[in-house]
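Below you'll find the structure, written out as structure tokens, and then a few comments.
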């Protein structure tokens with residue numbers, strides 16, 4: 001199996017590995033993780049050392065569902081030579097992974113903690129800051145604020161009409 005301690009805290013793609021919650025003989029180790037950009041909770045399964053899993057190539061799948069009774073699967077990325085059987089093998093691996101941890105209390109705690117963190121204001125600020133348009137809007141707002149303050153200060157420094165400036169035309173003090 002993969003050495004549990006050496007994997008924890010490392011990054012695999014967009015996911016940061018946390019703790020090993022289950023080791024399944026023949027399948028590998030299942031870790032709690034979270035998506036680095038979104039903070040979404042995840043499970044990552046790493047196979048035993050030297051194991052070569054089918055399907056070949058990188059896949060990215062997304063699942064969604066809800067109270068409407070519909071389950072949707074979106075394929076974000078698949079290898080150019082993808083076959084129906086490759087997707088079936090991948091789904092079988094995912095099913096085995098979920099079945100092996102479905103009653104694990106650490107898994108439930110992982111999802112509860114992730115949901116709590118995603119509701120926090122710190123998480124929302126960090127996530128918003130990663131968006132380029134939020135940073136651009138903030139920079140433009142600061143630039144506008146700086147120009148506005150500069151304009152106000154320059155108009156406050158100008159003398160009002162009728163005020164005399166000390167200089168050559170000012171009356172000399174008593175000698």
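What follows is calculated from the coordinates using simple rules that are stated; it is not laboratory data. All of these numbers come straight from a predicted model, not from anything done at the bench. Please note: Cβ atoms are built from the backbone with ideal geometry, for glycine as well, and neighbour counts cover all protein chains shown.
Averaging the Cα positions of each part gives two centres, and for segment 81-101 and segment 60-79 these lie 14 Å apart.
Normalised by the number of residues in segment 4-119, the average gap of Cα pairs under 8 Å and 6 or more apart makes the relative contact order 19 percent.
Fully extending the segment from residue 151 to residue 113, taken as 0.36 nm per residue of separation minus the present Cα-Cα distance, adds 8.8 nm. Once the Cα-Cα distance is subtracted from the 0.36 nm per residue extended length, the residue 70 to residue 133 segment shows a gain of 19.3 nm. This ranking places 84, 34 by how few other beta-carbon atoms lie within 10 Å of each, fewest first, which gives 84, 34.
At q = 0.14, 0.19 Å⁻¹ the log10 of I(q)/I(0) for segment 4-119 amounts to -0.66, -1.25, computed by Debye summation with a single uniform scatterer per C-alpha, solvent ignored.
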